[in-house]
Amino acid sequence: MSATDRYDIIIAGAGLAGASFGLAAAQGGLKVVMVDPQPFDAQLAPSFDGRSTAIAFATFRMLDAIGVGAAMRSHACRMDRILVTDGRRPGAATPAPSPAFLRFDADEIADGVGGEPLGYMVENRRIRTALAEAVARAGLEVRAPAAVAAVETDPGQATVILGDGTRLRGALVVGAEGRGSRVRASAGIEALGWGYGQSGVVATVRLEHDHGNVAHEYFLPSGPFAILPLTDQRASLVWTETTRRAEALKAASDEAFHAHLMRRFGEFLGAVTVEGPRFVYPLSLSLAERLTAHRTALIGDAAHGVHPVAGQGLNLGLKDAAALAEVLIQAARNGEDIGSETVLDRYARWRRFDNVTLAAGFDAFVRLFSNDLAPVRLARDLGMAAVNRIAPLRRAFMHEAGGATGDLPKLLKGEAV
Ligand SMILES: Cc1cc2nc3c(=O)[nH]c(=O)nc-3n(C[C@H](O)[C@H](O)[C@H](O)COP(=O)(O)OP(=O)(O)OC[C@H]3O[C@@H](n4cnc5c(N)ncnc54)[C@H](O)[C@@H]3O)c2cc1C
């Protein structure tokens, strides 16, 4: 396509949210181009992203609907049970009696009866590979390496200016470039938020004993410590510490890291071997004050970067992608201008409430649990005990985590738009 041709949508960022949105929009007949400083091959390198993602069962339906699920399925580990423990000391992950715990079981929710788990754990590199293959199969245009430097909008179109001066024109620009979104800044949308002074140390480990598809989350004063089941008797660890300690853990020798890890992990899953590099992710909250502006829409972390405590950041981002694709595809079919304020308002109204309430909820959760004051501990332990005893409350939490609540976009019901 020549620089003077016009796209329907220019997507800044071909990460997990941007590429999923691109596939969904193109499936509905919209002409898209994606721009990213990282080519797909670079995103697939073992050193690029060591995380694994808890994908809610509704989100997995969307990945199936956009043609990405099949390639991921054999790498997706079922999460049939989640055990949440309020532990106070390192080593709390040992089987010693815990002061409080919460237990979520897939069998207890209606969707579980049909055999669906609470969610699936998948390594991000597997999701990225499946997305890259689907993007190539669909023949989507990707400009990479290339970065969005600025965006200009006039009443009729949006113009995206790349780092090398190339100008791309379209009816709409979608900001999917993560927390530091250029599109968001160019549109004059403020982001509010704060750092937690915490970082997540992420590593993949091989276990001597079977994890039984159980995810464990221990709330320790320094932040949550999660052991998340992966295929092939492995687990992904998200070990939250103060940023200073997290950096020290990353820099530690293999032997020292392993010794620290075993003190925290305990021995309930037998011997634990670390596989591959360790990664450190600083944790913060960032929430865009609006989801749309003139010929502009934001999705994923560009709209809301949340703490990984509930494993919901990408799930929220993919819900944005599904909702925006549905609004735009239907508008195009009705002959409407997809970049118009009326159309973009539909998307903003659909997603705003969910994003803000969940981001605020996760923030409150982190503060409540990263705290060792006796009265706070007592209050939260009583709360956990209550939720554990009240089955309908527990089921409500599970439905929320499964992503199947509220006004669901068609793709999250597994339907094409
Ligand atoms: C430790 C940890 C564990 C997590 N676990 C979970 C989990 O279990 N479940 C879950 O749902 N979520 C989880 N998350 C959150 C999840 O990883 C993020 O929400 C998700 O990666 C956001 O995807 P994104 O595509 O919106 O943004 P990003 O992943 O930040 O991608 C942005 C893309 O934009 C590109 N880009 C940057 N600048 C530009 C530019 N100027 N022009 C064009 N492109 C640009 C980047 O190269 C990148 O490809 C976790 C996060 C962390 C830190």
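Overview of values
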read-out: Candidates 283, 314, 269, 318 - the one that is more than 9 Å from the ligand (Cβ to nearest atom) and either in contact (Cβ under 8 Å) with a residue 24 or more places away in the chain or basic (Lys, Arg) (or both); value: 269
read-out: Qualifying residue in the range 187-205 (condition: assigned to a helix (DSSP H, G or I) and touching a strand residue (DSSP E or B) at 6+ places or on another chain (Cβ under 6 Å)); value: no
read-out: Evaluation of residue 335 against (1) assigned to a helix (DSSP H, G or I); (2) within 30 Å of residue 8 (Cα to Cα) (one fails), failing number; value: (1)
read-out: Residue match in the range 44-65 (condition: farther than 28 Å from residue 231 by Cα, at pLDDT 95 or above, of a type in the set (D, E, K, R) and more than 8 Å from the ligand (Cβ to nearest atom)); value: no
read-out: Criterion (within 24 Å of residue 68 (Cα to Cα) and in contact with a helix residue (DSSP H, G or I) (Cβ under 9 Å, 6 or more places away or on another chain)) met by exactly one of 290, 351, 346, 295; value: 351
read-out: Of the criteria (1) farther than 24 Å from residue 329 by Cα; (2) in contact with a helix residue (DSSP H, G or I) (Cβ under 8 Å, 6 or more places away or on another chain); (3) in a loop (DSSP other than H, G, I, E, B), which one residue 55 fails; value: (3)
read-out: Number of positions in the range 167-184 that are farther than 12 Å from residue 18 by Cβ, within 11 Å of the ligand (Cβ to nearest atom) and either touching a residue at least 12 places away in the same chain (Cβ under 8 Å) or touching a helix residue (DSSP H, G or I) at 6+ places or on another chain (Cβ under 6 Å) (or both); value: 3
read-out: Search result, residues across the range 342-371 that are surrounded by fewer than 15 Cβ atoms within 10 Å (Cβ to Cβ) and of a type in the set (Asp, Glu); value: 345
read-out: Residue check, residue 404 hydrophobic (A, V, I, L, M, F, W, C), more than 27 Å from residue 32 (Cβ to Cβ) and surrounded by fewer than 16 Cβ atoms within 10 Å (Cβ to Cβ); value: no
read-out: Considering residues of the range 17-31 that are in contact with a strand residue (DSSP E or B) (Cβ under 6 Å, 6 or more places away or on another chain) and assigned to a helix (DSSP H, G or I) only, the residue farthest from the ligand (Cβ to nearest atom); value: 26
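The values are calculated or read from the model by the stated rules, or taken from the named source; none is laboratory data. Computed from a predicted model, the values in this text were never measured in an experiment. Positions of Cβ are backbone-derived with ideal geometry, glycine not excepted, and every protein chain shown enters the neighbour counts.
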